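The values are calculated or read from the model by the stated rules, or taken from the named source; none is laboratory data. Keep in mind that this is a model prediction, so the values were computed, not measured. Note that each Cβ is placed from the backbone with ideal geometry, even for glycine, and that neighbours are counted across all protein chains shown. Side chains are part of the model used for accessible areas, which takes the heavy atoms of the whole protein and leaves out ligands, DNA and RNA. Shrake-Rupley method; radii C 1.70, N 1.55, O 1.52, S 1.80 Å.
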Amino acid sequence: MNADPLDKLPPILKKSLHKNLCTCNEVKKIDIINAIVDGANTVAEVRKQTYATMGIGCCTQQVERLIECLCSSDDE
Ligand code: FES
């Protein structure tokens, strides 16, 4: 059974999944989340796969935060 990766996100980060997180390049938050879940565990990798952060980089911190949450190991 695969846990829903979204369960790892705090509720505040689960909002607006279908809105653009990267407004410079119009990349939806859900697309960034999917890239991270599929193995893009660095900002550089997310950028390569989705083009997020490739504008002026204003969404970099948000992408970092998503990576942090989604790649945290389950230590229970
Ligand atoms: S919003 Fe992503 S680079 Fe500006």
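Remarks
Each row is one residue, and each column tells you yes or no for (1) out of contact with any strand residue (DSSP E or B) (no Cβ under 8 Å at 6 or more places or on another chain); (2) closer than 12 Å to Val63 by Cβ.
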| position | (1), (2) |
| --- | --- |
| Pro5 | yes, no |
| Lys8 | yes, no |
| Lys28 | no, no |
| Ile33 | yes, yes |
| Asp38 | yes, no |
| Arg47 | yes, yes |
| Tyr51 | no, yes |
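- Leading residue by the ranking (least open to solvent (accessible area, probe 1.4 Å)) among those in region 46-66 that are of a type in the set (A, V, I, L, M) and assigned to a loop (DSSP other than H, G, I, E, B): Ala52
- Every residue from region 46-64 that is in contact (Cβ under 8 Å) with a residue 24 or more places away in the chain and touching a helix residue (DSSP H, G or I) at 6+ places or on another chain (Cβ under 7 Å): Thr50, Ala52, Thr53, Met54, Val63
- Members of region 7-45 that are out of contact with any helix residue (DSSP H, G or I) (no Cβ under 8 Å at 6 or more places or on another chain), open to solvent by less than 80 Å² (accessible area, probe 1.4 Å) and away from the ligand (no atom under 16 Å from the Cβ): Asn34
- Those residues of region 12-45 which are in contact with a Lys or Arg (Cβ under 7 Å, 6 or more places away or on another chain), under 16 Å from Cys69 (Cα atoms) and in a loop (DSSP other than H, G, I, E, B), in sequence order: Leu17
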